[in-house]
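The values are calculated or read from the model by the stated rules, or taken from the named source; none is laboratory data. Computed from a predicted model, the values in this text were never measured in an experiment. Here the Cβ positions follow ideal geometry from the backbone for every residue, glycine too, while neighbour counts run over all protein chains shown. Keep in mind that these areas ignore ligands, DNA and RNA; they rest on the heavy atoms of the full protein, side chains included. Shrake-Rupley method; radii C 1.70, N 1.55, O 1.52, S 1.80 Å.
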Amino acid sequence: MNKVIRTLKLTTAAAAFSVSAAYAEDVEVLHWWTSGGEAAALNVLKQDLETQGIGWQDMPVAGGGGTEAMTVLRARVTAGDPPTAVQALGFDILDWGNQGALANLNDLAAQEGWDEVVPEALQFFAKVDGKWISAPVNVHSTNWVWANKSVLDANGIAVPETWEDFVAAVETLKAAGITPIAHGGQAWQDATVFDAVAMSAGGPEFYKAAFIDLDEETLGSDTMKEAFDRMAFIRDNVDDNFSGRDWNLATAMVINGEAGFQMMGDWAKGEFLNAGKVPGEDFLCFRFPGTQDQVTFNADQFMMFDQGGTVSQEQAALASAILSPSFQIAFNKVKGSVPARTDVDGSELDACGQQGMKDLAAAASSGNLFGSMAHGHAAPASVKNAVYDVVTAHFNGEYDSETAVLELVDAVSIAK
Ligand code: BGC
(Lines give C-alpha, C1' and ligand atoms only; values in the text may rest on other atoms or scores of the structure.)
Protein backbone atom coordinates (compact mmCIF):
# COMPACT_ATOMS: atom_id res chain seq x y z
CA MET A 1 0.00 0.00 0.00
CA ASN A 2 0.97 3.53 -0.74
CA LYS A 3 2.57 5.20 2.26
CA VAL A 4 1.95 8.77 1.25
CA ILE A 5 1.71 11.13 4.21
CA ARG A 6 -0.86 13.81 3.66
CA THR A 7 -1.75 17.07 5.33
CA LEU A 8 -4.98 16.91 7.18
CA LYS A 9 -8.27 18.58 7.66
CA LEU A 10 -9.90 16.12 10.01
CA THR A 11 -13.59 15.86 10.68
CA THR A 12 -14.42 15.90 14.37
CA ALA A 13 -15.28 12.22 14.53
CA ALA A 14 -12.28 11.06 12.58
CA ALA A 15 -10.10 13.39 14.65
CA ALA A 16 -11.13 11.61 17.80
CA PHE A 17 -9.80 8.43 16.26
CA SER A 18 -6.61 9.97 15.05
CA VAL A 19 -3.63 10.09 17.36
CA SER A 20 -1.07 10.99 14.76
CA ALA A 21 -1.29 14.03 12.52
CA ALA A 22 -1.56 12.21 9.22
CA TYR A 23 -3.22 9.36 7.41
CA ALA A 24 -0.43 7.02 6.42
CA GLU A 25 -2.40 4.76 4.09
CA ASP A 26 -4.58 5.18 1.06
CA VAL A 27 -7.95 3.52 1.20
CA GLU A 28 -8.45 0.94 -1.51
CA VAL A 29 -12.12 0.86 -2.41
CA LEU A 30 -13.66 -1.99 -4.40
CA HIS A 31 -16.96 -1.05 -6.05
CA TRP A 32 -19.08 -1.51 -9.16
CA TRP A 33 -19.99 2.13 -9.79
CA THR A 34 -18.72 2.43 -13.36
CA SER A 35 -21.57 4.05 -15.33
CA GLY A 36 -21.55 7.82 -15.95
CA GLY A 37 -24.06 8.59 -13.21
CA GLU A 38 -22.45 6.19 -10.74
CA ALA A 39 -18.98 7.58 -11.38
CA ALA A 40 -20.28 11.11 -10.80
CA ALA A 41 -21.69 10.01 -7.43
CA LEU A 42 -18.47 8.18 -6.52
CA ASN A 43 -16.57 11.41 -7.19
CA VAL A 44 -18.51 13.08 -4.39
CA LEU A 45 -17.06 10.49 -2.00
CA LYS A 46 -13.54 10.68 -3.46
CA GLN A 47 -13.52 14.46 -3.16
CA ASP A 48 -14.86 14.34 0.37
CA LEU A 49 -11.96 12.10 1.38
CA GLU A 50 -9.42 14.16 -0.52
CA THR A 51 -10.35 17.23 1.52
CA GLN A 52 -9.51 15.18 4.61
CA GLY A 53 -6.11 14.19 3.24
CA ILE A 54 -6.98 10.56 2.62
CA GLY A 55 -5.74 8.99 -0.60
CA TRP A 56 -8.02 6.85 -2.76
CA GLN A 57 -7.01 3.72 -4.65
CA ASP A 58 -9.78 2.90 -7.04
CA MET A 59 -10.72 -0.75 -7.59
CA PRO A 60 -13.71 -0.66 -9.97
CA VAL A 61 -15.23 -3.95 -11.13
CA ALA A 62 -17.82 -3.35 -13.84
CA GLY A 63 -21.08 -5.28 -13.68
CA GLY A 64 -24.38 -3.90 -12.41
CA GLY A 65 -25.76 -5.48 -9.26
CA GLY A 66 -22.22 -6.38 -8.15
CA THR A 67 -22.01 -10.08 -9.08
CA GLU A 68 -18.60 -9.64 -10.73
CA ALA A 69 -17.36 -7.41 -7.90
CA MET A 70 -18.20 -10.13 -5.38
CA THR A 71 -16.24 -12.69 -7.44
CA VAL A 72 -13.18 -10.42 -7.46
CA LEU A 73 -13.58 -9.84 -3.73
CA ARG A 74 -13.57 -13.58 -2.98
CA ALA A 75 -10.36 -13.96 -4.99
CA ARG A 76 -8.70 -11.09 -3.11
CA VAL A 77 -9.69 -12.44 0.28
CA THR A 78 -8.54 -15.95 -0.66
CA ALA A 79 -5.20 -14.48 -1.69
CA GLY A 80 -4.94 -12.87 1.78
CA ASP A 81 -5.16 -9.34 0.34
CA PRO A 82 -8.62 -7.86 1.03
CA PRO A 83 -9.26 -4.28 -0.06
CA THR A 84 -9.75 -1.68 2.70
CA ALA A 85 -13.39 -1.04 1.92
CA VAL A 86 -15.87 -2.85 -0.28
CA GLN A 87 -19.27 -1.86 -1.67
CA ALA A 88 -21.72 -4.61 -0.76
CA LEU A 89 -25.38 -5.46 -0.40
CA GLY A 90 -27.57 -7.08 2.24
CA PHE A 91 -26.93 -10.75 2.89
CA ASP A 92 -23.43 -10.58 1.38
CA ILE A 93 -22.45 -8.20 4.19
CA LEU A 94 -23.84 -10.58 6.80
CA ASP A 95 -21.95 -13.50 5.23
CA TRP A 96 -18.61 -11.69 5.51
CA GLY A 97 -19.49 -10.47 8.99
CA ASN A 98 -20.36 -13.96 10.18
CA GLN A 99 -17.04 -15.21 8.84
CA GLY A 100 -15.30 -12.66 11.10
CA ALA A 101 -13.67 -10.90 8.14
CA LEU A 102 -14.89 -7.39 8.92
CA ALA A 103 -13.62 -4.71 11.28
CA ASN A 104 -15.72 -3.65 14.26
CA LEU A 105 -17.02 -0.09 13.83
CA ASN A 106 -18.83 0.06 17.18
CA ASP A 107 -16.71 2.79 18.80
CA LEU A 108 -17.24 5.15 15.88
CA ALA A 109 -20.93 4.21 15.63
CA ALA A 110 -21.43 4.96 19.33
CA GLN A 111 -19.55 8.24 19.10
CA GLU A 112 -21.68 9.36 16.14
CA GLY A 113 -25.01 7.90 17.31
CA TRP A 114 -25.62 5.66 14.26
CA ASP A 115 -28.11 3.53 16.22
CA GLU A 116 -30.43 6.52 16.54
CA VAL A 117 -30.36 7.71 12.92
CA VAL A 118 -30.01 4.61 10.72
CA PRO A 119 -33.35 2.82 10.20
CA GLU A 120 -33.80 -0.69 11.60
CA ALA A 121 -34.21 -2.20 8.12
CA LEU A 122 -30.66 -1.08 7.29
CA GLN A 123 -29.14 -1.88 10.68
CA PHE A 124 -30.28 -5.46 10.12
CA PHE A 125 -27.75 -5.71 7.28
CA ALA A 126 -25.03 -3.58 8.92
CA LYS A 127 -24.52 -5.46 12.18
CA VAL A 128 -23.50 -8.93 13.29
CA ASP A 129 -23.80 -9.94 16.95
CA GLY A 130 -24.48 -6.32 17.90
CA LYS A 131 -21.33 -5.09 16.12
CA TRP A 132 -21.49 -2.51 13.33
CA ILE A 133 -19.54 -3.99 10.40
CA SER A 134 -20.39 -1.66 7.55
CA ALA A 135 -21.32 1.92 6.78
CA PRO A 136 -24.66 2.48 4.99
CA VAL A 137 -24.45 4.91 2.08
CA ASN A 138 -27.99 5.09 0.77
CA VAL A 139 -31.30 3.41 0.13
CA HIS A 140 -32.23 2.48 -3.43
CA SER A 141 -35.44 0.85 -4.51
CA THR A 142 -36.10 -1.40 -7.47
CA ASN A 143 -39.82 -0.97 -8.22
CA TRP A 144 -39.52 2.13 -10.41
CA VAL A 145 -40.31 2.89 -14.03
CA TRP A 146 -38.43 5.60 -15.97
CA ALA A 147 -40.14 7.13 -18.98
CA ASN A 148 -39.32 9.59 -21.74
CA LYS A 149 -41.90 12.35 -21.25
CA SER A 150 -42.07 13.62 -24.83
CA VAL A 151 -42.45 10.07 -26.17
CA LEU A 152 -45.37 9.51 -23.81
CA ASP A 153 -46.93 12.90 -24.56
CA ALA A 154 -46.60 12.48 -28.32
CA ASN A 155 -48.47 9.20 -28.07
CA GLY A 156 -51.16 10.39 -25.66
CA ILE A 157 -49.98 8.10 -22.86
CA ALA A 158 -50.66 8.99 -19.22
CA VAL A 159 -48.67 7.46 -16.36
CA PRO A 160 -50.01 3.88 -16.13
CA GLU A 161 -51.61 3.08 -12.78
CA THR A 162 -52.33 -0.61 -13.27
CA TRP A 163 -50.80 -3.53 -15.14
CA GLU A 164 -53.64 -3.24 -17.68
CA ASP A 165 -52.82 0.47 -18.24
CA PHE A 166 -49.20 -0.50 -18.70
CA VAL A 167 -50.08 -3.17 -21.27
CA ALA A 168 -52.19 -0.62 -23.18
CA ALA A 169 -49.34 1.94 -23.12
CA VAL A 170 -46.88 -0.65 -24.40
CA GLU A 171 -49.25 -1.63 -27.25
CA THR A 172 -49.65 2.04 -28.22
CA LEU A 173 -45.88 2.54 -28.42
CA LYS A 174 -45.43 -0.65 -30.39
CA ALA A 175 -48.10 0.45 -32.91
CA ALA A 176 -46.24 3.77 -33.23
CA GLY A 177 -43.03 1.94 -34.12
CA ILE A 178 -41.20 2.84 -30.89
CA THR A 179 -39.45 0.24 -28.75
CA PRO A 180 -41.82 0.11 -25.76
CA ILE A 181 -39.37 -1.22 -23.18
CA ALA A 182 -35.62 -0.58 -22.94
CA HIS A 183 -33.96 -3.56 -21.29
CA GLY A 184 -30.59 -5.16 -20.90
CA GLY A 185 -30.67 -8.95 -20.95
CA GLN A 186 -28.41 -9.75 -18.02
CA ALA A 187 -29.56 -12.00 -15.21
CA TRP A 188 -29.53 -9.29 -12.55
CA GLN A 189 -31.54 -6.94 -14.77
CA ASP A 190 -34.14 -9.61 -15.56
CA ALA A 191 -34.38 -10.23 -11.80
CA THR A 192 -34.70 -6.50 -11.05
CA VAL A 193 -37.75 -6.33 -13.31
CA PHE A 194 -39.07 -9.53 -11.73
CA ASP A 195 -39.00 -7.90 -8.23
CA ALA A 196 -41.59 -5.35 -9.39
CA VAL A 197 -43.57 -7.66 -11.66
CA ALA A 198 -44.01 -10.29 -8.92
CA MET A 199 -45.00 -7.64 -6.37
CA SER A 200 -47.51 -6.21 -8.84
CA ALA A 201 -48.96 -9.61 -9.76
CA GLY A 202 -49.37 -10.88 -6.20
CA GLY A 203 -49.15 -7.96 -3.78
CA PRO A 204 -46.97 -7.50 -0.71
CA GLU A 205 -47.95 -10.66 1.18
CA PHE A 206 -47.25 -12.79 -1.87
CA TYR A 207 -43.86 -11.12 -2.38
CA LYS A 208 -42.90 -11.68 1.25
CA ALA A 209 -44.07 -15.29 1.34
CA ALA A 210 -42.26 -16.12 -1.90
CA PHE A 211 -38.95 -14.31 -1.63
CA ILE A 212 -38.36 -13.66 2.05
CA ASP A 213 -40.09 -16.63 3.71
CA LEU A 214 -39.30 -18.83 0.66
CA ASP A 215 -42.64 -20.59 1.10
CA GLU A 216 -42.88 -23.50 -1.32
CA GLU A 217 -46.60 -23.22 -1.94
CA THR A 218 -46.34 -19.53 -2.83
CA LEU A 219 -43.34 -20.13 -5.06
CA GLY A 220 -45.32 -22.81 -6.91
CA SER A 221 -48.61 -20.91 -7.07
CA ASP A 222 -50.81 -19.77 -9.96
CA THR A 223 -49.92 -16.20 -8.99
CA MET A 224 -46.27 -17.00 -9.64
CA LYS A 225 -47.27 -18.31 -13.06
CA GLU A 226 -49.06 -15.01 -13.68
CA ALA A 227 -45.84 -13.17 -12.74
CA PHE A 228 -43.92 -15.23 -15.30
CA ASP A 229 -46.64 -14.59 -17.92
CA ARG A 230 -46.17 -10.87 -17.34
CA MET A 231 -42.40 -11.29 -17.76
CA ALA A 232 -43.10 -12.99 -21.10
CA PHE A 233 -45.17 -9.97 -22.16
CA ILE A 234 -42.24 -7.72 -21.27
CA ARG A 235 -39.86 -9.97 -23.20
CA ASP A 236 -42.11 -9.59 -26.26
CA ASN A 237 -41.80 -5.83 -26.07
CA VAL A 238 -38.06 -5.24 -25.84
CA ASP A 239 -35.94 -4.64 -28.94
CA ASP A 240 -34.01 -7.38 -30.77
CA ASN A 241 -30.63 -6.30 -29.38
CA PHE A 242 -31.47 -6.51 -25.70
CA SER A 243 -29.30 -9.51 -24.93
CA GLY A 244 -26.27 -8.69 -22.76
CA ARG A 245 -26.85 -4.92 -22.94
CA ASP A 246 -25.64 -2.94 -19.89
CA TRP A 247 -28.39 -1.27 -17.87
CA ASN A 248 -27.09 2.25 -18.48
CA LEU A 249 -27.26 1.72 -22.25
CA ALA A 250 -30.90 0.74 -21.81
CA THR A 251 -31.39 3.95 -19.81
CA ALA A 252 -29.76 5.86 -22.68
CA MET A 253 -32.43 4.49 -25.05
CA VAL A 254 -35.10 6.17 -22.89
CA ILE A 255 -33.02 9.34 -22.55
CA ASN A 256 -32.67 9.54 -26.35
CA GLY A 257 -36.33 8.80 -27.05
CA GLU A 258 -35.57 5.44 -28.72
CA ALA A 259 -37.70 3.67 -26.12
CA GLY A 260 -40.60 4.60 -23.89
CA PHE A 261 -39.96 2.89 -20.56
CA GLN A 262 -37.25 1.23 -18.49
CA MET A 263 -38.01 -0.73 -15.34
CA MET A 264 -34.96 -0.23 -13.15
CA GLY A 265 -33.85 0.82 -9.68
CA ASP A 266 -33.39 4.52 -9.01
CA TRP A 267 -29.70 4.42 -9.92
CA ALA A 268 -31.19 4.97 -13.43
CA LYS A 269 -32.00 8.52 -12.35
CA GLY A 270 -28.27 9.17 -12.03
CA GLU A 271 -27.94 8.56 -15.78
CA PHE A 272 -30.73 11.02 -16.63
CA LEU A 273 -29.19 13.67 -14.38
CA ASN A 274 -25.72 13.04 -15.77
CA ALA A 275 -27.17 13.66 -19.25
CA GLY A 276 -28.57 17.01 -18.06
CA LYS A 277 -32.19 15.83 -18.01
CA VAL A 278 -34.77 17.21 -15.60
CA PRO A 279 -37.40 15.10 -13.80
CA GLY A 280 -40.97 16.05 -14.70
CA GLU A 281 -39.76 17.91 -17.81
CA ASP A 282 -37.65 15.43 -19.76
CA PHE A 283 -38.36 12.22 -17.92
CA LEU A 284 -40.89 10.75 -15.52
CA CYS A 285 -40.36 8.45 -12.57
CA PHE A 286 -43.18 6.40 -11.12
CA ARG A 287 -43.67 3.20 -9.19
CA PHE A 288 -44.20 0.06 -11.24
CA PRO A 289 -47.98 -0.09 -11.86
CA GLY A 290 -49.67 -1.96 -9.03
CA THR A 291 -46.83 -1.40 -6.53
CA GLN A 292 -47.55 2.23 -5.64
CA ASP A 293 -47.79 1.50 -1.91
CA GLN A 294 -44.82 -0.83 -1.70
CA VAL A 295 -41.06 -0.44 -1.79
CA THR A 296 -38.55 -3.17 -2.61
CA PHE A 297 -35.29 -1.72 -1.34
CA ASN A 298 -31.57 -2.29 -1.43
CA ALA A 299 -28.95 -0.27 0.39
CA ASP A 300 -25.34 0.15 -0.67
CA GLN A 301 -22.93 -0.12 2.21
CA PHE A 302 -19.17 -0.13 2.56
CA MET A 303 -17.83 -3.08 4.54
CA MET A 304 -14.47 -2.44 6.17
CA PHE A 305 -12.20 -5.47 5.97
CA ASP A 306 -10.26 -6.30 9.10
CA GLN A 307 -6.65 -5.28 8.40
CA GLY A 308 -5.20 -6.84 11.52
CA GLY A 309 -7.19 -6.29 14.67
CA THR A 310 -8.79 -2.89 15.01
CA VAL A 311 -10.41 -0.60 12.51
CA SER A 312 -7.78 1.63 10.92
CA GLN A 313 -7.90 5.43 11.09
CA GLU A 314 -8.49 5.59 7.36
CA GLN A 315 -11.40 3.15 7.58
CA ALA A 316 -12.91 5.13 10.46
CA ALA A 317 -12.53 8.38 8.51
CA LEU A 318 -14.15 6.82 5.44
CA ALA A 319 -17.05 5.45 7.48
CA SER A 320 -17.47 8.77 9.28
CA ALA A 321 -17.51 10.67 5.97
CA ILE A 322 -20.12 8.29 4.54
CA LEU A 323 -22.47 8.71 7.49
CA SER A 324 -22.13 12.49 7.71
CA PRO A 325 -25.42 14.28 6.96
CA SER A 326 -23.85 16.64 4.40
CA PHE A 327 -22.33 13.73 2.44
CA GLN A 328 -25.60 11.78 2.60
CA ILE A 329 -27.41 14.60 0.79
CA ALA A 330 -24.61 15.55 -1.62
CA PHE A 331 -24.04 11.94 -2.71
CA ASN A 332 -27.64 10.79 -2.95
CA LYS A 333 -28.66 13.83 -5.01
CA VAL A 334 -26.31 12.58 -7.70
CA LYS A 335 -26.72 8.82 -7.25
CA GLY A 336 -30.54 8.65 -7.49
CA SER A 337 -30.94 6.98 -4.10
CA VAL A 338 -32.14 8.52 -0.84
CA PRO A 339 -30.20 9.02 2.41
CA ALA A 340 -29.51 6.14 4.77
CA ARG A 341 -30.20 8.45 7.73
CA THR A 342 -33.69 9.40 8.82
CA ASP A 343 -32.63 12.78 10.22
CA VAL A 344 -31.49 14.56 7.05
CA ASP A 345 -33.57 17.16 5.29
CA GLY A 346 -34.55 15.90 1.84
CA SER A 347 -35.74 19.24 0.49
CA GLU A 348 -32.62 19.55 -1.66
CA LEU A 349 -33.51 16.37 -3.53
CA ASP A 350 -35.35 16.60 -6.85
CA ALA A 351 -38.98 15.51 -7.31
CA CYS A 352 -38.12 11.80 -7.81
CA GLY A 353 -35.80 11.83 -4.78
CA GLN A 354 -38.46 13.44 -2.62
CA GLN A 355 -41.02 10.89 -3.79
CA GLY A 356 -38.48 8.17 -3.02
CA MET A 357 -38.06 9.44 0.55
CA LYS A 358 -41.81 9.79 1.06
CA ASP A 359 -42.55 6.32 -0.37
CA LEU A 360 -39.85 4.78 1.79
CA ALA A 361 -41.18 6.32 5.00
CA ALA A 362 -44.78 5.40 4.13
CA ALA A 363 -43.88 1.81 3.18
CA ALA A 364 -41.84 1.40 6.39
CA SER A 365 -44.72 2.55 8.57
CA SER A 366 -47.40 0.52 6.77
CA GLY A 367 -45.32 -2.68 6.79
CA ASN A 368 -44.86 -2.60 3.01
CA LEU A 369 -41.09 -2.21 2.90
CA PHE A 370 -39.37 -5.38 1.68
CA GLY A 371 -35.83 -6.30 0.74
CA SER A 372 -35.17 -6.66 -2.98
CA MET A 373 -34.64 -10.26 -4.08
CA ALA A 374 -32.66 -9.13 -7.11
CA HIS A 375 -30.29 -7.02 -5.02
CA GLY A 376 -29.50 -9.36 -2.17
CA HIS A 377 -31.86 -8.03 0.51
CA ALA A 378 -34.52 -10.76 0.51
CA ALA A 379 -32.49 -13.96 0.76
CA PRO A 380 -28.86 -15.12 0.84
CA ALA A 381 -26.79 -15.22 -2.35
CA SER A 382 -27.37 -18.94 -3.01
CA VAL A 383 -31.14 -18.40 -3.21
CA LYS A 384 -30.79 -15.14 -5.12
CA ASN A 385 -28.63 -16.86 -7.73
CA ALA A 386 -31.11 -19.73 -8.01
CA VAL A 387 -33.91 -17.22 -8.70
CA TYR A 388 -31.69 -15.40 -11.24
CA ASP A 389 -31.13 -18.65 -13.17
CA VAL A 390 -34.82 -19.48 -13.48
CA VAL A 391 -35.99 -15.94 -14.25
CA THR A 392 -33.34 -15.53 -16.94
CA ALA A 393 -33.95 -18.93 -18.52
CA HIS A 394 -37.65 -18.10 -18.73
CA PHE A 395 -36.96 -14.60 -20.10
CA ASN A 396 -34.81 -16.11 -22.81
CA GLY A 397 -37.52 -18.57 -23.78
CA GLU A 398 -35.94 -21.74 -22.36
CA TYR A 399 -38.96 -22.36 -20.10
CA ASP A 400 -42.63 -21.57 -20.51
CA SER A 401 -44.28 -20.02 -17.45
CA GLU A 402 -45.54 -23.33 -16.09
CA THR A 403 -42.10 -24.91 -16.28
CA ALA A 404 -40.51 -21.80 -14.77
CA VAL A 405 -42.75 -22.13 -11.70
CA LEU A 406 -41.73 -25.79 -11.20
CA GLU A 407 -38.07 -24.95 -11.73
CA LEU A 408 -38.30 -22.07 -9.27
CA VAL A 409 -39.68 -24.31 -6.52
CA ASP A 410 -36.90 -26.85 -7.10
CA ALA A 411 -34.09 -24.33 -7.42
CA VAL A 412 -35.02 -22.47 -4.25
CA SER A 413 -35.49 -25.63 -2.22
CA ILE A 414 -32.02 -26.87 -3.25
CA ALA A 415 -30.41 -23.47 -2.58
CA LYS A 416 -31.91 -22.64 0.78
C1 BGC B 1 -26.48 -0.99 -6.48
C2 BGC B 1 -26.47 0.38 -7.09
C3 BGC B 1 -25.91 0.31 -8.51
C4 BGC B 1 -26.69 -0.73 -9.32
C5 BGC B 1 -26.24 -0.87 -10.74
C6 BGC B 1 -27.15 -1.99 -7.39
O7 BGC B 1 -27.00 -3.27 -6.85
O8 BGC B 1 -27.14 -0.97 -5.25
O9 BGC B 1 -25.71 1.28 -6.33
O10 BGC B 1 -25.95 1.57 -9.10
O11 BGC B 1 -26.56 -1.99 -8.68
O12 BGC B 1 -24.89 -1.07 -10.85
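Couple of notes before you dig in:
- Of the numbered criteria (1) on the phi < 0 side of the Ramachandran plot; (2) open to solvent by 10 Å² or more (accessible area, probe 1.4 Å), the one residue 130 fails is (1).
- The residue list 286, 242 contains one member that is more than 26 Å from residue 358 (Cα to Cα) and either within 16 Å of the ligand (Cβ to nearest atom) or open to solvent by less than 30 Å² (accessible area, probe 1.4 Å) (or both), which is 242.
- Residue match in the range 98-116 (condition: touching a residue at least 60 places away in the same chain (Cβ under 8 Å), part of a helix (DSSP H, G or I) and within 16 Å of the ligand (Cβ to nearest atom)): no
- Members of the range 69-93 found to be touching a strand residue (DSSP E or B) at 6+ places or on another chain (Cβ under 7 Å) and more than 16 Å from the ligand (Cβ to nearest atom), listed by number: 82, 83, 84
- The range 302-319 residues that are assigned by TED's automatic domain parsing to the domain that holds residue 27 and over 18 Å from residue 89 (Cβ atoms), paired with ones that are of a type in the set (D, E, K, R) and part of a helix (DSSP H, G or I) (beta carbon under 9 Å, 6 or more apart): 310/107; 311/107; 316/107
- Answer residue from the range 2-45, given it is at pLDDT 95 or above and not hydrophobic (A, V, I, L, M, F, W, C) and is nearest to the ligand (Cβ to nearest atom) among those: 38
- Every listed requirement among (1) over 23 Å from residue 244 (Cα atoms); (2) within 15 Å of the ligand (Cβ to nearest atom); (3) in a helix (DSSP H, G or I); (4) in contact with a Phe, Trp or Tyr (Cβ under 8 Å, 6 or more places away or on another chain) is met by residue 66 save one, (1).
- Some residue of the range 200-217 being closer than 28 Å to residue 279 by Cβ, more than 16 Å from the ligand (Cβ to nearest atom) and open to solvent by less than 10 Å² (accessible area, probe 1.4 Å): yes
- Taking the range 142-192 as the range and being open to solvent by 10 Å² or more (accessible area, probe 1.4 Å), in a helix (DSSP H, G or I), over 29 Å from residue 384 (Cα atoms) and small (Gly, Ala, Ser) as the test, the residues that pass are 150, 154, 168, 175.
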